[in-house]
């Protein structure tokens, strides 16, 4: 059984699948890019090249009953379609979508889909990278660096 399904996202989606696989074997990755699918598979992830918007192909891959789906492509319209398909046709318990244009968050949220604002997430990471090193180090509970 697949607990977490990552759909699309090229290298970001493939990397996420590999990272999640390190803590849970029930992870799968679907994408239309054969190179990224191959890299994920080489890292031990169950990975398939497929049309991620084709219901028949998704059913043939056995994605029904997935607990969590992450729609991670670089196209908001595709992520919304995938997220809605996974929720309605495949009964996913939790659906999280990458939203590339922050102005598009509302339609996802109105449909009950959790969102990750990609522009804001990237800006936060870049801001952190630009902070002086002493401010970037994680603090321990005893407040020492």
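Rundown of residues vs (1) within 27 Å of residue 122 (Cβ to Cβ); (2) under 15 Å from the mean Cα position of the chain (by Cα); (3) touching a residue at least 12 places away in the same chain (Cβ under 8 Å), yes/no style:
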position: 2; (1), (2), (3): no, yes, yes
position: 6; (1), (2), (3): yes, yes, yes
position: 26; (1), (2), (3): no, yes, yes
position: 31; (1), (2), (3): yes, yes, yes
position: 35; (1), (2), (3): yes, no, no
position: 51; (1), (2), (3): no, no, yes
position: 69; (1), (2), (3): yes, yes, yes
position: 92; (1), (2), (3): yes, yes, yes
**Study point:** Which numbered condition residue 19 misses (of (1) surrounded by fewer than 17 Cβ atoms within 10 Å (Cβ to Cβ); (2) more than 19 Å from residue 98 (Cα to Cα))
**Key:** (2)
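If I filter the stretch 129-137 for residues that are within 19 Å of the chain's Cα centre (by Cα) and modelled with pLDDT of 90 or more, do I get at least one hit?
Here is the first cut: in the stretch 129-137, the ones within 19 Å of the chain's Cα centre (by Cα) are none.
There is no residue in the stretch 129-137 that is within 19 Å of the chain's Cα centre (by Cα) and modelled with pLDDT of 90 or more.
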**Study point:** Subset of the stretch 47-61 that is surrounded by 14 or more Cβ atoms within 10 Å (Cβ to Cβ) and more than 12 Å from residue 7 (Cα to Cα) - its residue that is modelled with the highest pLDDT
**Key:** 57
Practice item. Could you grab me the full set of residues in the stretch 83-125 that are part of a loop (DSSP other than H, G, I, E, B), out of contact with any strand residue (DSSP E or B) (no Cβ under 7 Å at 6 or more places or on another chain) and modelled with pLDDT of 95 or more? Key: 100, 101
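The values are calculated or read from the model by the stated rules, or taken from the named source; none is laboratory data. This structure is a prediction, so every number in the text was calculated from the model and none was measured. Quick reminder, even Gly has a Cβ in these numbers, built from the backbone with ideal geometry, and neighbours come from all protein chains shown.
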